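Data block below; observations after.
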Amino acid sequence: MTQLALVIDLNVCVGCHACVTSCKQWNTSGSAGPLVDDLPYGKDPSGTFFNRVQTFEVGEYPHTQTVHFPKSCLHCEDPPCVPVCPTGASYKRKVDGIVLVDYDKCIGCKYCSWACPYGAREFDEDRKVMTKCTLCVDRVSDAALPAAERKPACVLACPSNARLFGDVHDPESGVSVAIRERGGYALMPEWNTRPANHYLPRRRTGMTIHAEDLERVDNPLKIDGKQPELPQQGAGREDYAT
Amino acid sequence: MNPAFSVIFLTTLIGAGQGLFLALFGAEVAGYADSAPGARGFLLMGGGVALLLAAGGLVASFFHLGRPERAWRSASMWRTSWLSREVIALPVFMGLLFLWTAGHAAAADWTLPLGVLAALAALALFLCTAMVYASIRFLQEWASTFTLVNYTLLGLASGCTLATALAAWGAPSLVWAYGACALACTLAALVSRSLSLARNARLKPRSTVQTAIGIRHPQIAQRSMGFMGGSFNTREFFHGRTPGALRQVKWAFLLGAFVLPLCLLALGLASASAGLLALAFVVQYLGLLAERWFFLAQANHPQNLYYQAVS
């Protein structure tokens with residue numbers, strides 16, 4: 001069974017919010033209607049977004065790290081928001097595991113948002129229905145698009161390639177390999193929601209340089225002062241490097 | 001959580017309605033209906049009041065919906081959703097209550113078996129209403145058996161207090177029995193609600209900012225939630241009151257829903273004053289509004305971990 005998901009690389013996310021704006025742009029222009037922007041130029045603007053980038057500071061000054069943390073629906077494999085829906089408007093697609101809301105069935109009771117520990121759902125104050133990340137279902141399943149563009153808008157927009165997209169149930173997919181080899185983890189594992197989206201941890205980048213890395217201790221010139229032989233040249237020995 | 005008044009009115013009104021009906025039905029089981037000439041008239045009047053309370057709750061619930069015109073859809077997922085079960089149980093209870101009341105109006109002889117069904121529906125409705133909250137496992141303040149016990153006992157307490165006040169007016173022979181029930185239920189509710197307050201005070205949140213973003217470091221501070229204006233996440237899940245205000249509401253409901261009604265009930269019973277008994281119900285209902293507000297506000301949603309600093 002396919003389970004489409006995002007894998008977000010916290011090691012390279014620079015917190016530019018390109019995924020936020022591209023998500024908003026794509027999803028506000030879609031067939032489901034615009035995502036509300038209440039007083040966008042007023043004193044207290046508010047709006048519906050499917051994706052946010054938050055910033056956390058880890059450690060104590062001066063030994064701190066700034067972690068930019070993109071947050072959207074995690075498309076849980078056991079989504080607690082789905083069984084609580086009284087109308088069946090919230091559902092998880094069998095074919096690719098995307099958790100969606102049927103905007104025509106939603107009664108706007110907000111109970112599903114209570115049942116999501118991650119706060120991934122946002123109520124649309126204009127349409128009066130619950131909305132959430134669709135994993136750009138209208139892009140990823142659109143056969144009219146070139147294969148390279150059948151990805152969520154946020155993934156295409158990310159300038160540092162911090163967002164990977166693929167099937168986490170396929171052990172050979174890029175996302176599965178990234179999760180496996182780079183310690184990909186799920187958020188709030190204590191609630192057993194089994195999020196499909198994973199996060200790749202920050203990596204320590206640094207190196208230790210020893211003196212012998214800069215100067216070879218076994219350099220033959222230091223032993224007998226003789227220059228190495230010139231390569232034998234002639235027919236069949238054009239590869240001078242040997 | 002940010003308490004919604006629609007939910008507060010829904011749960012308190014139907015709770016009182018269910019409690020009142022159960023009190024009335026208790027009297028019928030005890031053989032009250034045929035004990036006196038005006039007995040059925042009292043049951044009829046009480047049934048009407050219970051029906052009004054439940055209808056008031058139903059109307060209040062519609063104000064919670066963004067799309068009330070689609071409310072009929074909410075009965076469809078009863079296999080998985082406690083909210084859907086509540087949506088079914090409430091009209092079923094109201095329908096049976098209406099038939100039971102109509103039966104007394106027609107002096108029919110089938111009101112007792114019908115009352116059994118309505119009583120079962122009332123109990124099922126208590127279960128559904130409480131499970132709507134108790135079934136969300138990560139709202140630790142709600143996910144407890146106390147939620148079930150409290151909703152039932154508080155509904156019974158307010159229903160019995162109302163029954164006492166109504167009896168003082170229309171069925172004097174029942175006043176002492178109802179008064180004793182109201183005192184017992186209010187006292188039991190006080191004990192159970194206090195125990196749940198003590199439990200919630202000791203709760204240790206299972207989610208922390210460390211598990212929320214998956215970074216194991218003792219010192220993590222949010223520097224930006226990603227936007228400076230509000231959003232659904234900051235409006236729906238934060239009550240925006242100070243801890244001091246919350247404590248005041250707690251003492252207000254402990255006083256209003258339990259202590260004052262107990263005193264007023266005792267005084268009203270001792271002085272046989274219908275006015276004091278009616279006042280006991282009014283005070284207790286207002287106290288229950290505060291209790292429900294506090295119940296909703298006290299729940300700490302784990303999503304709040306992501307919304308700790310604007311920028």
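The rows are residues; the columns are (1) of a type outside the set (A, V, I, L, M); (2) farther than 25 Å from A:Asp38 by Cβ.
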position	(1), (2)
B:Gly240	yes, no
B:Leu246	no, yes
B:Ala266	no, yes
B:Gln284	yes, yes
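Would you be able to say whether some residue in the stretch B:31-48 is within 14 Å of another protein chain (Cβ to nearest Cβ), more than 15 Å from the chain's Cα centre (by Cα) and either buried (at least 23 other Cβ atoms within 10 Å of the Cβ) or charged (D, E, K, R) (or both)?
At the first step, the residues of the stretch B:31-48 found to be within 14 Å of another protein chain (Cβ to nearest Cβ) are none.
Within the stretch B:31-48 (the criterion being within 14 Å of another protein chain (Cβ to nearest Cβ), more than 15 Å from the chain's Cα centre (by Cα) and either buried (at least 23 other Cβ atoms within 10 Å of the Cβ) or charged (D, E, K, R) (or both)), the answer is no, since none of the residues qualifies.
Quick check: is even one residue across the stretch B:72-87 in contact with a Phe, Trp or Tyr (Cβ under 7 Å, 6 or more places away or on another chain), free of Cβ contacts under 8 Å to residues at least 40 places away in the same chain and surrounded by fewer than 22 Cβ atoms within 10 Å (Cβ to Cβ)?
no
Sort out for me the helices (runs of 4 or more DSSP H) sitting completely within the stretch A:110-218 that have 2 or more residues that are closer than 16 Å to A:Asp9 by Cα.
A:153-157, A:174-181
In the stretch B:230-273, which residue that is in a helix (DSSP H, G or I) and within 14 Å of chain A (Cβ to nearest Cβ) is surrounded by the fewest Cβ atoms within 10 Å (Cβ to Cβ)? Give the steps one after another, and end with the answer.
Within the stretch B:230-273, the subset in a helix (DSSP H, G or I) is B:232-236, B:243-271.
Subsequent filtering for residues that are within 14 Å of chain A (Cβ to nearest Cβ) retains B:232-236.
Values: B:Phe232: 21, B:Asn233: 26, B:Thr234: 18, B:Arg235: 13, B:Glu236: 19.
Restricting to residues being in a helix (DSSP H, G or I) and within 14 Å of chain A (Cβ to nearest Cβ), the top hit is B:Arg235.
Can you tell me which residue within the stretch A:40-58, out of those that are more than 7 Å from chain B (Cβ to nearest Cβ) and part of a strand (DSSP E or B), is surrounded by the most Cβ atoms within 10 Å (Cβ to Cβ)?
A:Asn51
Go through A:Val7, A:Val20 for me and flag whichever is of a type in the set (Val, Ile, Thr), touching a helix residue (DSSP H, G or I) at 6+ places or on another chain (Cβ under 6 Å) and either surrounded by 16 or more Cβ atoms within 10 Å (Cβ to Cβ) or within 14 Å of chain B (Cβ to nearest Cβ) (or both).
Exactly one residue qualifies, and that residue is A:Val7.
When you scan the stretch A:59-79, how many residues do you find that are over 20 Å from A:Tyr118 (Cα atoms) and part of a loop (DSSP other than H, G, I, E, B)?
Residues flagged as over 20 Å from A:Tyr118 (Cα atoms) and part of a loop (DSSP other than H, G, I, E, B) within the stretch A:59-79 amount to 2.
When the residues of the stretch B:132-151 are filtered to those that are in a helix (DSSP H, G or I) and buried (at least 19 other Cβ atoms within 10 Å of the Cβ), which remaining residue is farthest from the other protein chains (Cβ to nearest Cβ)?
Checked the stretch B:132-151; the qualifying residue farthest from the other protein chains (Cβ to nearest Cβ) is B:Val149.
Take the stretch A:101-130 and flag every residue that is in contact with a Ser or Thr (Cβ under 6 Å, 6 or more places away or on another chain) and more than 7 Å from chain B (Cβ to nearest Cβ).
A:Val101, A:Cys112, A:Arg121, A:Asp124
Would you be able to say whether some residue in the stretch A:59-69 is crowded, with 21+ Cβ neighbours inside 10 Å, at pLDDT below 95, more than 27 Å from A:Arg194 (Cα to Cα) and within 12 Å of chain B (Cβ to nearest Cβ)?
Checking the stretch A:59-69: not a single residue is crowded, with 21+ Cβ neighbours inside 10 Å, at pLDDT below 95, more than 27 Å from A:Arg194 (Cα to Cα) and within 12 Å of chain B (Cβ to nearest Cβ).
Kindly indicate whether any position in the stretch B:151-164 is over 20 Å from B:Ala290 (Cα atoms) and small (Gly, Ala, Ser). Lay out the reasoning, then the answer.
Kept after step one, since they are over 20 Å from B:Ala290 (Cα atoms), are these residues of the stretch B:151-164: B:163-164.
Those still in the list that are small (Gly, Ala, Ser) too: B:163.
Yes, the stretch B:151-164 contains at least one residue that is over 20 Å from B:Ala290 (Cα atoms) and small (Gly, Ala, Ser).
Quick check: is even one residue across the stretch A:88-99 among the charged types (D, E, K, R) and within 9 Å of chain B (Cβ to nearest Cβ)?
No, every residue in the stretch A:88-99 fails to be among the charged types (D, E, K, R) and within 9 Å of chain B (Cβ to nearest Cβ).
The values are calculated or read from the model by the stated rules, or taken from the named source; none is laboratory data. Bear in mind that the values here come from a model prediction, so they are computed numbers and not experimental data. When we count neighbours, we look across all protein chains shown, and the Cβ atoms used for this are built from the backbone with ideal geometry, even at glycine.
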